[in-house]
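Nothing in this text is a laboratory measurement; each read-out follows from the coordinates by a stated rule. None of the values given here were measured: they were computed from a predicted structure. Note that we place each Cβ from the backbone using ideal geometry, even for glycine, and neighbour counts take in every protein chain shown.
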Amino acid sequence: MKKFLEEFKAFALKGNVMDMAIGVIVGGAFSSIVGALTENILNPIIACLGGTEVGLVTPLGSTGQVINWGAFITAIINFLILAFVLFLILKAVNKMMSIGKKEEEPAPEAEPEPSDEVKLLTSIVEELEKLNKK
């Protein structure tokens with residue numbers, strides 16, 4: 001059990017998990033900003049252009065229950081805005097990561113020119129091979 005807890009502690013304190021936790025918190029805050037944008041700015045603009053209220057509801061019989069189409073449309077708009085922004089952020093992060101990797105990789109070294117002795121031995125070996133083939 002102690003080993004299990006040590007492994008969990010190592011996992012939980014890794015940079016990736018901490019980065020993910022920070023991302024979730026920032027994402028929640030950003031989600032509220034996008035919600036405010038759609039409810040307070042985009043929905044009134046859509047209502048003015050379309051001549052109808054975005055808060056469309058459909059009553060369900062005499063029970064008093066309604067289908068709130070406007071809230072559903074607002075949720076779709078929120079999702080699309082969040083997905084687009086996350087796509088842009090992920091694209092930028094991947095670009096930065098690829099730039100960092102290119103800088104870290106050392107340039108391949110050219111093979112050094114063989115010494116005169118190696119050249120001489122190579123030519124001797126080639127001549128001996130020619131003689132053995134005959």
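Computed quantities for the displayed model
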| item | result |
| --- | --- |
| Potential lengthening between LEU82 and LEU49 on full extension [0.36 nm per residue; Cα-Cα distance subtracted] | 9.5 nm |
| Gain in span if fully extended, ASN68 to LEU121, counting 0.36 nm per residue against the direct Cα distance | 10.3 nm |
| Hydrodynamic radius (Kirkwood) for the chain, which is based on Cα pairs only, to one decimal in Å | 22.6 Å |
| Gain upon complete extension [PHE30, LYS14; 0.36 nm per residue less C-alpha separation] | 3.3 nm |
| Helical segments meeting 18 Å axial Cα length and Kyte-Doolittle -0.5 threshold in the chain (DSSP H) | 15-37, 69-104, 116-133 |
| The chain: calculated mean residue ellipticity at 222 nm from DSSP helix runs of at least 4, using -39500 (n - 2.57) | -24500 deg cm²/dmol |
| Selection from VAL125, SER62, LEU13 lying farthest towards where the dipole of the chain points positive, charges on Cβ | SER62 |
